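In what follows, a structure is listed as structure tokens, so that the remarks can point back to it.
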Amino acid sequence: MDVLSDAIGVMRMGRPHSTEIRKHAPWGVRAEPFSGAGFHVVLEGTCWLIPPAGAAIALGVGDVVCLPHGCGHALADSPSTSLTGAPSASLREMAPSADDDGEGATTVLLCGAYTLDQTRPHPLFEELPEVIHLPARLGHRTQLHAAVNLLGDEIANPDHGTEAVVSALLDIMLLYILRAWLDEQTDDGPATGWAATLRDPAITAALRHIHQEPAGQWTVEALGAKAGLSRAAFSRRFTSLVGKPPLGYLTWWRMTLAAQLLRDSDKPVQTVAQRTGYTSEFAFAKAFKREYGLAPGRYRQQSRR
């Protein structure tokens, strides 16, 4: 797996949700905050997204807007439309809209939601803004818009296997949205943070080895060799870009992966320890409790309530 796929995979909980809503002006809906990420795609017409802070954002056909942290927001045909009494639900609970009373212009939106474990987000997610707006541009982001079209068609014309197809397309959508945002970070100058990290071949090589072989007996020198850098140069560059020293990130990733294995599988604690680089179950339990405040077995019990 690559780092971006892992960053999403380790946070994701349950299946994603999607729905299509059709409105006629004047209209407005409120989306309540939730623990996850969501998106809207304008399939027909125009509308406005009203974020919790800042100016309203005009949206047109083909525009994609993502809410990486699940912030509350509103959608309306106009920023001046009153939202008093407007329907309210989180994106995860939003259902296809029934016929409304409006007689004005039609707007059709494709809405999606992902349940994410926001208690321990990957550092890449922590850098994302509250709202990501990706305007439609002819010939631009063709893969993202192909996924949008496939998803819209599948929801509009369900058939055998639709549930699995929609779930897979929603996962693809989130990856394409994040790719597009990362690409945009170089539009106004050199990239910083994780956008720069994922463009650095040396650091990406080291991260790939950490993610693919979390149980490896890694040292700073060994990771530096994978990056093709001296120990000192690698440590400085890694810490500057990633925000954690190499072994600090390694421990963070091991503990994050361990929590996922405890939460989502019935593997014995000893197996989880071995898969995350600990030869001693006692040493693993001590490290896990230091990170999460709970013993591994207790964490597993609480995560399944």
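Observations on the structure shown:
- Within the stretch 121-164, the residues that satisfy the criterion of being without any contact (Cβ under 8 Å) to a residue 12 or more places away in the chain and either under 23 Å from Asp2 (Cα atoms) or small (Gly, Ala, Ser) (or both) are Glu126, Gly139, Thr142, Ala146, Gly161, Ala164.
- Cβ pairs under 6 Å, 6+ apart, first in the stretch 182-209 and within 16 Å of Thr239 (Cα to Cα), second of a type in the set (Asp, Glu): Gly193/Glu127; Trp194/Glu127
- Top-ranked residue of the stretch 111-152 - restricted to ones that are aliphatic (A, V, I, L, M) and within 12 Å of the chain's Cα centre (by Cα), ranked as nearest to Ser167 (Cα to Cα): Ala113
- Leu170 falls short on exactly one of the conditions (1) over 21 Å from Cys47 (Cα atoms); (2) surrounded by fewer than 18 Cβ atoms within 10 Å (Cβ to Cβ); (3) modelled with pLDDT of 90 or more; (4) not polar (S, T, N, Q), and that condition is (2).
- Criterion: among the polar types (S, T, N, Q), crowded, with 18+ Cβ neighbours inside 10 Å and under 26 Å from Gly243 (Cα atoms) - qualifying residue of Gln185, Gln118: Gln185
- When Arg92, Arg12 are checked against the criterion of being touching a Leu at 6+ places or on another chain (Cβ under 8 Å) and either within 27 Å of Gln118 (Cβ to Cβ) or surrounded by fewer than 17 Cβ atoms within 10 Å (Cβ to Cβ) (or both), a single residue qualifies: Arg12.
- Test: residue in the stretch 216-235 that is closer than 18 Å to Asp117 by Cβ, outside the structural domain of Gly9 (by TED's automatic domain parsing) and in contact with a helix residue (DSSP H, G or I) (Cβ under 9 Å, 6 or more places away or on another chain): no
- Matching residues in the stretch 223-276 - criterion: being among the basic types (Lys, Arg) and either surrounded by 16 or more Cβ atoms within 10 Å (Cβ to Cβ) or over 16 Å from Val3 (Cα atoms) (or both): Lys226, Arg231, Arg236, Arg237, Arg254, Arg263, Lys267, Arg275
- Residue satisfying condition, being more than 24 Å from the chain's Cα centre (by Cα), among the charged types (D, E, K, R) and within 18 Å of Gly9 (Cα to Cα), within set Arg275, Arg231, Arg254, Arg236: Arg275
The values are calculated or read from the model by the stated rules, or taken from the named source; none is laboratory data. Everything numeric in this text was worked out from a predicted model, so none of it was measured. As a convention, Cβ positions derive from the backbone with ideal geometry for all residues, glycine included, and neighbour counts pool all protein chains shown.
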